[in-house]
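J.: Dropping a structure here in structure tokens format, bear with me for questions.
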Amino acid sequence: MQIDGGCHCGRIRYRAEANPKDVVVCHCTDCQALSGSPFRAMVVVPAESFHIEGEPRLYVKTADSGRRRAQAFCPDCGSAIYAADPEAPKTYSIRLGGVRQRRDLGPPKRQIWRDSALDWATDFDDTPSAPQG
């Protein structure tokens with residue numbers, strides 16, 4: 001399906017072709033720290049389908065494994081945009097919060113790095129909804 005989205009302030013916009021089966025939740029400690037949240041939700045898209053307008057700022061992190069990942073974010077509002085290989089990306093892990101069609105992508109099909117997950121952060125089925133406002 002076609003998706004599009006961008007950062008909170010509108011400086012960065014993107015579009016891509018995404019498969020709802022490629023929605024992932026990551027519980028690694030890097031994603032926890034970089035997102036300020038107990039996990040990060042993303043959809044992985046092929047590099048050839050990803051088109052971006054605007055120039056994100058990049059922060060390249062090196063994981064304990066030695067793997068390097070470029071973390072792209074808006075230099076104005078700080079919204080996370082994607083992660084990808086810093087040299088020759090084959091895929092982009094687009095941060096789900098900025099995707100306009102995020103509801104249509106459905107629930108995640110996989111959770112990765114569950115060993116790093118907070119005890120309560122992998123199953124919300126019995127959690128009641130709180131009033132909004």
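J.: With both bridge residues required to lie in the chain, what share of the DSSP beta bridges run antiparallel, to the nearest 5%?
T.: Percent antiparallel among DSSP bridges in the chain is about 90.
J.: What percentages, rounded to whole numbers, describe P(r) for the chain computed over all alpha carbon pairs with 5 Å bin width beginning at zero?
T.: Per 5 Å bin, starting at 0, the Cα pair percentages come out as 2, 10, 19, 23, 22, 15, 7, 3, 0.
J.: If you don't mind, another one. Rounded to the nearest 20 debye, what is the charge dipole size of the range 1-58 about its Cα centre when +1 sits on each Lys and Arg Cβ and -1 on each Asp and Glu Cβ?
T.: 180 debye
J.: Another question, if that's okay. Taking a ≥ b ≥ c as the square roots of the eigenvalues of the Cα gyration tensor of the range 1-79, is the shape rounded (a/c under 1.5), prolate (a/b larger than b/c) or oblate?
T.: Oblate, because a/c is 1.5 or more while a/b does not exceed b/c.
J.: Given the options Val45, Val60, Val23, which has the most mean-square fluctuation in a GNM of the chain, springs set between C-alpha atoms less than 10 angstrom apart?
T.: So, out of Val45, Val60, Val23, the one fluctuating most is Val60.
J.: Probe of 1.4 angstrom, ligands and nucleic acids ignored: what's the accessible area per residue over the range 1-100, in square angstrom?
T.: 52 Å²
J.: Restricting attention to the range 31-133, which chymotrypsin sites (Phe, Trp or Tyr not before Pro) occupy a DSSP loop and are surrounded by at most 12 other Cβ atoms within 10 Å?
T.: Filter output for the range 31-133: Trp120, Phe124.
J.: Going through the range 30-63, which trypsin sites (Lys or Arg not before Pro) have at most 10 other Cβ atoms within 10 Å and a DSSP loop state?
T.: Listed in order of number, the matching sites amount to none.
J.: Run the accessible area of the chain with a 1.4 Å probe and give the carbon-and-sulfur part as a rounded percent.
T.: Carbon and sulfur: 47 percent of the exposed surface of the chain.
J.: Springs between alpha-carbon atoms under 10 Å, Gaussian network over the chain: tell me which of Ala63, Ala84, Ala72 tops the mean-square fluctuations.
T.: The residue with the greatest mean-square fluctuation here is Ala63.
The values are calculated or read from the model by the stated rules, or taken from the named source; none is laboratory data. What you are looking at is a predicted structure, and each value in this text was computed from that prediction instead of being measured. Heads up, the Cβs are rebuilt from the backbone with ideal geometry, glycines too, and the neighbour counts pull from every protein chain shown. SASA here: full protein model, heavy atoms, side chains in, ligands and nucleic acids out. Shrake-Rupley method; radii C 1.70, N 1.55, O 1.52, S 1.80 Å.
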